[in-house]
Every structure is written in C-alpha cells, then in structure tokens.
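Heads up: the structure comes next, in structure tokens.
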Ligand SMILES: NC(=O)c1ccc[n+]([C@@H]2O[C@H](COP(=O)([O-])OP(=O)(O)OC[C@H]3O[C@@H](n4cnc5c(N)ncnc54)[C@H](OP(=O)(O)O)[C@@H]3O)[C@@H](O)[C@H]2O)c1
C-alpha cells in the first residue's frame, strides 16, 4: 500500500482525489476546512491552513510515495483593479504553499522508490485571457516549478507533473457557474462544449501518482475540453 499526502482535500478536486486514492492507498489529507464526507473516507485528516500552519506538528509516514497539492485561486479582475497584494496572495497559495509542502516532505519522498508529485496549474498559464493576469502569473510559476523540480529530482527518481484544468465545477469556480446561463456560456467557450468536473481531474491525478505513468515527468497536462490547444 502506498502512502499519499493530499493537500487541499476539503473540497473540489482534492476531495475527489482523496476519495479515489483512499480506496487503495494510505492517505493523509490536509485542508483548511473540514468537509463532512472526509469522516466517511479511510484517510487520516488534519485540519490546517497550509500557509500559516506548522507541518512539523503532523506525523507523516516515514516513506511517502505521492504528494498532491490542490489549493489554488481564481482571482479574475481587470488588470487595473488587481493590487500588488492580489498578486502576492495568489503567489502564496499557488506557489509558496506548494514549495513549503514539497520542502517539508522531500526527505520522505526520497525514501520511496517511485515517488510522484502532482501540482495544479491552469489553462490560463498557456492561453492569454482577459482578467487572468494574477492567476496566470502564479500558475506560470507553478509550471516553472514543475519543470525545474522534475529535472532536479529526477536523479532521486521523484517525478513531478502538473495538471492544467480549464473551468471545473468545484467550489472555487462556483461564482462563475452560479446560473444555468453562466454554465451554458462557459461550456460553449470550450471546443468540447462543457466545463470540467472534479472526478476527471482526480482520475488523472491518480494516474500520475501510479506506476502506469512511471516514465512521465516534467509535463504540464491540460484537461481543458480543448480550450488550450484548439481553435474552431
Ligand atoms: N476549479 C477550476 O475551475 C480550476 C481551473 C483551473 C485550475 N484549477 C486549480 O485546480 C486546483 C484545485 O481547484 P479546486 O477547484 O478543486 O479548488 P477548491 O474547490 O477551492 O478546493 C481546494 C481545496 O483546497 C483547500 N485550501 C485552500 N486554501 C488552503 C490553505 N491555505 N490551506 C489548506 N487548504 C486550503 C480548500 O479549503 P476550503 O474548503 O477551506 O476553501 C479546498 O478544500 C487549484 O490549484 C486551482 O487553482 C481549478
């Protein structure tokens, strides 16, 4: 049984990943708020804000085979209304939170023979869209982190990949999908005519943690209904 740590397991993609991964793995889940479903899953849950909390207070398994970092942001505003603080906050949750977790868990990941780290970017890092300046800057940094860490950790056989979703039906995206009209319009912006769901992101996460992806590292994999690559 592999030991997996899922950060941000309280909602959305992280919760869906914890649900799937806990069927066959030992999962330690960390998240800011507690979702009632977590009590029904076979996971060790720790309630903690990853930016302010002290990871030294958590007893992790000696060997960790997988790390998923799912917290993130969708802070969409015209550039003139984005403050420096917005950019800092987005960088903190998307990049520095991941850096903190990876640095803390690296000694444990190095003890695994097949460790894998999964981070989350966004289609907005690849495709320029209005109002996405802050999230795009942070997610582009996540992609840089993914590739440089994949190189640096390859000697330790630790793989690092990122998933880049487009709009996915989770709490994070709830304001953008709050009416049937908004949902319909958002779906139509995608070549495949719909938004994504947390389960399809979680299944790719599971694959990237598994031995089936053992020759995949340093990749940014889009699940975006074609938005990042296709123009109709
Ligand atoms: N949903 C989309 O449309 C979309 C699109 C592109 C990229 N992404 C990326 O995909 C990833 C997952 O997104 P999602 O939609 O599943 O997000 P979500 O619904 O907000 O779920 C994220 C989880 O992380 C937790 N979290 C946030 N900040 C935290 C912190 N400081 N400490 C501990 N836990 C924290 C949240 O806790 P709370 O429950 O307390 O908020 C929540 O449980 C993110 O990186 C996001 O940027 C999502």
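The values are calculated or read from the model by the stated rules, or taken from the named source; none is laboratory data. Please read these numbers as outputs of a predicted model, since none were measured by experiment. For neighbour counting, all protein chains shown are included, and Cβ atoms are generated from backbone atoms with ideal geometry for every residue, glycine included.
As an exercise: evaluate residue 51 against (1) touching a strand residue (DSSP E or B) at 6+ places or on another chain (Cβ under 7 Å); (2) within 11 Å of the ligand (Cβ to nearest atom) and give the number of the one condition it does not meet.
Every condition holds for residue 51 apart from (1).
Give the residues of segment 72-110 that are surrounded by 14 or more Cβ atoms within 10 Å (Cβ to Cβ) and in a loop (DSSP other than H, G, I, E, B), sorted by residue number.
72, 73, 74, 75, 76, 77, 82 - these are the residues of segment 72-110 that are surrounded by 14 or more Cβ atoms within 10 Å (Cβ to Cβ) and in a loop (DSSP other than H, G, I, E, B).
Suppose we filter segment 58-105 for residues that are in contact (Cβ under 8 Å) with a residue 40 or more places away in the chain, away from the ligand (no atom under 12 Å from the Cβ) and over 13 Å from residue 139 (Cβ atoms); how many remain?
17
Between a first residue in segment 127-149 that is outside any helix (DSSP H, G or I) and a second residue that is within 15 Å of the ligand (Cβ to nearest atom), which pairs have beta carbons less than 6 Å apart while being 6 or more apart in sequence or on different chains?
127/228; 131/76; 132/124
Residue by residue through segment 220-232, note down the ones that are in a loop (DSSP other than H, G, I, E, B) and surrounded by fewer than 18 Cβ atoms within 10 Å (Cβ to Cβ).
Matches in segment 220-232: 226, 229, 230, 231, 232.
Considering only residues that are part of a helix (DSSP H, G or I) and farther than 12 Å from residue 12 by Cα, look in segment 157-177 and name the one that is farthest from the ligand (Cβ to nearest atom).
Per the stated criteria, the residue is 175.
Among the residues of segment 207-219, which ones are in contact with a helix residue (DSSP H, G or I) (Cβ under 9 Å, 6 or more places away or on another chain) and either touching a residue at least 40 places away in the same chain (Cβ under 8 Å) or part of a loop (DSSP other than H, G, I, E, B) (or both)?
If the condition is that a residue be in contact with a helix residue (DSSP H, G or I) (Cβ under 9 Å, 6 or more places away or on another chain) and either touching a residue at least 40 places away in the same chain (Cβ under 8 Å) or part of a loop (DSSP other than H, G, I, E, B) (or both), then 209, 213, 216, 217, 218, 219 are the ones that fit.
Looking at (1) buried (at least 16 other Cβ atoms within 10 Å of the Cβ); (2) more than 11 Å from the ligand (Cβ to nearest atom), can you tell me which one residue 154 breaks?
For residue 154, the failing item is (1).
Is it the case that residue 43 is modelled with pLDDT of 95 or more, surrounded by fewer than 24 Cβ atoms within 10 Å (Cβ to Cβ), within 26 Å of residue 132 (Cα to Cα) and touching a helix residue (DSSP H, G or I) at 6+ places or on another chain (Cβ under 8 Å)?
No.
When you scan segment 30-37, do you find a residue that is under 22 Å from residue 211 (Cβ atoms) and touching a residue at least 12 places away in the same chain (Cβ under 8 Å), even just one?
No: zero hits.
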